[in-house]
Ligand code: MG
Ligand code: MG
């Protein structure tokens, strides 16, 4: 389907917006009135710019408060309309969007609305422009699409149809059955926006919290399926008002927007499956390869943090198993838990001395080439290869937040592990049973939090597993969990709720290792003098109050600093933390029992406070 974006979705001047839309691969644009008014170019110049960028001008919007006014007001409104239709002609816009009136002058009279919209359509026809009538969810008398359609049907003019806007329809929970009753040739335009479920005034919800499809709570694929089934074959046009996007760089936002439409078309394709849908041309992505786990996590370290990281990993129970043939990179491992310590990453030079950072995630893929093809189709930037002769040729892409994602197949010959010379002297520490990397917690740039969630979902086929907010000692944090179907890849994407650069543990990344028996593992770690993060006794008093745990178990947990969570189905999480490694990283050990799927987010404030106390 043709892709389009309203200029209101992006920040900057009109020219920046158009350039970003074209660079991201959009085919069309809706020009928003405010952007045009503030633009130094005359309409004909904007038209040329749009054409030069290879974009099609889909629509000019919005035209407000036109219909159902007292007769003495109509002449004024028709004069306004004539001026805007002239403008649409100069712009080369084939359609004008008319929003249902919010004016106090508007009369609750459908016949009057139909009659006046008929006059508007007759005028528009003279200019070769079509009029799409859209029910705003806060319209004064017309606030749902079925009502707008009744008025358009009664007006019965070939130049008048409806615009469906997913936000206005899904925010009100309007029944979607009525969409099928609208003839295809009257479905003039479709605007798409997602949003999180929020209990708030619908106008404020729309103006501040819309987001791209796949980033909110609405069922956009199901909605689009209804619209397509009714015969709509026009563009998929994004119209998103979002406080964060308004202040973010328009280039990445436009790419994020385009990615959302690729994901939406893929989701629609799955819904339609074998349903014959004549004339529907969906963009298909290369299939997802289900990731089977983390191949590795790479940490950038410097001369000061590196030895501390080595010491900590050794006490956790990993062994220094190999040294890279050509790079200052160490392999630390235990079973499938692998950590690369990179002493040569330039990204660290920009940060405080003694810092460590998660810079790359290695993802196990049965078909890395296919994973790379999907990444390319999702506009994920490929990173330059960094390899010597006869070394493994791993593809990596840049994720939001400056994290690299590598696609690996470890159990194959040759394997990327062959790039590491085994260390003969390495002994495997006794005791404990770390098995794999359970999850990774990443801090995302404020402007890219929504984009990064969608990026990982689409790239790796992850599912959202809920969002939480928690109050760390230094500020409110927002956290979004994502996981693969089998739970082998789990990510927690975190961001300060109000942006800014929160200091200390609140905004630290973390790597969590899974184990089969956290009590035996903790005992072995204690033998190796691992400094496990001490947890206050108050926390255990509260656990006892809430869960009535076995006193001996509770005492053992208190002794080791093991935290606890339980889900509604009785699944349990036992976990422990290290203190900070530098300023922005810590490590965790988890044991999941009985199908627990969360991340123990409930304990994050206690963890952050305890870490802050040890800094
Ligand atoms: Mg709209
Ligand atoms: Mg965690």
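List of remarks:
- Some residue of the range 25-40 being within 16 Å of ligand 1 (Cβ to nearest atom), in contact with a strand residue (DSSP E or B) (Cβ under 9 Å, 6 or more places away or on another chain), closer than 28 Å to residue 234 by Cα and assigned to a loop (DSSP other than H, G, I, E, B): no
- Residue 245 being farther than 29 Å from residue 363 by Cα and in contact (Cβ under 8 Å) with a residue 40 or more places away in the chain: yes
- Some residue of the range 50-71 being without any contact (Cβ under 8 Å) to a residue 60 or more places away in the chain, surrounded by fewer than 18 Cβ atoms within 10 Å (Cβ to Cβ), assigned to a helix (DSSP H, G or I) and in contact with a helix residue (DSSP H, G or I) (Cβ under 8 Å, 6 or more places away or on another chain): no
- Residue in the range 88-95 that is within 30 Å of residue 218 (Cα to Cα), without any contact (Cβ under 8 Å) to a residue 60 or more places away in the chain and in contact with a helix residue (DSSP H, G or I) (Cβ under 7 Å, 6 or more places away or on another chain) present: no
- Selection within the range 85-126 - touching a strand residue (DSSP E or B) at 6+ places or on another chain (Cβ under 6 Å), within 16 Å of ligand 1 (Cβ to nearest atom) and either at positive phi or not in a strand (DSSP E or B) (or both): 93
- Condition met for residue 306 (modelled with pLDDT of 95 or more and not in a loop (DSSP other than H, G, I, E, B)): yes
- Considering the range 527-542, and only residues there that are within 34 Å of the chain's Cα centre (by Cα) and not in a loop (DSSP other than H, G, I, E, B), the residue that is farthest from residue 600 (Cα to Cα) turns out to be 532.
- When residue 610 is tested against (1) touching a helix residue (DSSP H, G or I) at 6+ places or on another chain (Cβ under 6 Å); (2) within 20 Å of residue 477 (Cβ to Cβ); (3) part of a helix (DSSP H, G or I), exactly one condition is not met: (1).
- Residue tally, condition within 16 Å of ligand 1 (Cβ to nearest atom) and assigned to a loop (DSSP other than H, G, I, E, B), over the range 127-139: 5
- Matching option when the condition is touching a helix residue (DSSP H, G or I) at 6+ places or on another chain (Cβ under 8 Å) and surrounded by 22 or more Cβ atoms within 10 Å (Cβ to Cβ), among 38, 113: 113
The values are calculated or read from the model by the stated rules, or taken from the named source; none is laboratory data. Given the structure is predicted, the values throughout are model-derived calculations rather than measurements. Here the Cβ is made from the backbone with ideal geometry for all residues, glycine too, and neighbour counts use every protein chain on show.
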